[in-house]
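S.K.: This structure is in structure tokens; I'll ask about it shortly.
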Amino acid sequence: MDRKKPVSGEFYQHFTGKLYQIKMLAKNSDTQRETVVYQALYAPYDYWTQDLEEFMGPADREDNSGETQKYRFRQVIFQKPQPSDTAEEKTQLEPQGADTGAVHNISDEELTKALKSGQPDRYLEHKITEEEIASRGMMQLLDAESFREKRQIFMGLKQYVNKHMLNNIAVALDIVLEEGDVDAQYDSIMQCMAAFERFEGGRLR
């Protein structure tokens with residue numbers, strides 16, 4: 001195989017456009033062949049398995065955009081916000097003269113709790129950079145098990161998002177973003193999440 005093997009935590013897109021996260025590589029007990037275990041990043045978040053060679057094999061068919069995707073699954077690497085992207089698009093939280101060099105170990109659980117509180121700056125200010133809040137927060141959003149939790153985290157991320165991040169989230173949730181500024185695209189994703197949450201709630205009743 002001339003392609004790099006998937007690694008736990010990586011994201012791959014199927015030629016149909018659906019996004020999945022790699023959970024692990026396993027071995028078939030009878031054949032010893034490697035198998036990919038991956039989870040859909042859309043409701044109901046099913047887990048799937050596929051032979052590694054088939055997973056990494058060619059697609060030879062058109063994707064949703066009408067273009068031919070070379071492989072059945074291709075890796076998707078989400079872009080981290082760059083300083084030049086965030087300078088004008090994000091609200092700066094640090095007051096003048098603040099010590100922005102302080103570094104604290106913030107666990108994923110603490111980060112998620114702060115984002116879901118609706119006042120992340122109250123808990124995270126001077127403890128973690130805005131870039132890290134944005135990149136780690138997006139990963140927590142994608143890993144959240146329900147759209148209710150995703151929406152809560154997304155609300156906490158509002159002051160940190162830029163267009164790169166919004167595009168990554170839209171791709172992960174299979175949402176088509178219209179042209180517009182950051183606020184308009186944020187509102188569009190929020191509306192979609194609210195609709196997904198209502199659907200999810202009705203399905204679970």
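S.K.: Can you run phi through the Karplus equation (6.51, -1.76, 1.60; θ = phi - 60°) for the stretch 2-9 and list ³J(HN,Hα) in whole Hz, with x for Gly and Pro?
M.R.: For the stretch 2-9, the Karplus curve yields 8, 9, 5, 5, x, 10, 3, x Hz.
S.K.: Please compute the length gained on full extension between Met24 and Lys113, using 0.36 nm multiplied by the number of residues separating them and subtracting their Cα-Cα distance.
M.R.: 29.4 nm
S.K.: Further, regarding this structure: At what distance in nm do the modelled label points of Gln32 and Asp121 sit from each other, each positioned 7 Å from its Cα along Cα→Cβ?
M.R.: 5.9
S.K.: Related question: Calculate one ³J(HN,Hα) per residue across the stretch 178-189 by plugging θ = phi - 60° into the Karplus curve 6.51 cos²θ - 1.76 cosθ + 1.60, and present them in order as whole Hz with x for glycine and proline.
M.R.: Karplus values, whole Hz, x for Gly and Pro: 7, 5, x, 7, 4, 5, 5, 5, 4, 4, 4, 5.
S.K.: Taking amide H positions as placed in the peptide plane 1.01 Å from N, state which residues far from Lys127 in sequence (5 or more) or on other chains have amide H under 5 Å from it.
M.R.: HN-HN under 5 Å from Lys127: empty list.
S.K.: Taking a threshold of 25 Å on the Cα-Cα distance, which of the pairs Lys113/Lys158; Lys5/Lys27; Lys4/Lys158 fall above it?
M.R.: Working: Lys113/Lys158 15 Å; Lys5/Lys27 14 Å; Lys4/Lys158 35 Å.
Over 25 Å apart, Cα to Cα: Lys4/Lys158.
S.K.: While we're looking at this one, here's another question. Mind checking Rg over Rh on the stretch 1-41, alpha carbons, Kirkwood formula for Rh?
M.R.: Values: Rg = 11.3 Å, Rh = 11.1 Å.
On the Cα set of the stretch 1-41, Rg over Rh gives 1.01.
S.K.: Under a 5 Å amide H to amide H cut-off, with H placed in plane at 1.01 Å, what residues pair with Thr35 once short-range neighbours are removed?
M.R.: When sequence neighbours closer than 5 places are left aside, the close amide H contacts are Ala26, Lys27, Asn28, Leu52.
Where a number appears in this text, it was derived from the coordinates with a stated rule and is not lab data. This is a predicted model, so every value here is computed, not measured. Counting neighbours? That spans all protein chains shown, and the Cβs are built from the backbone with ideal geometry, glycine included.
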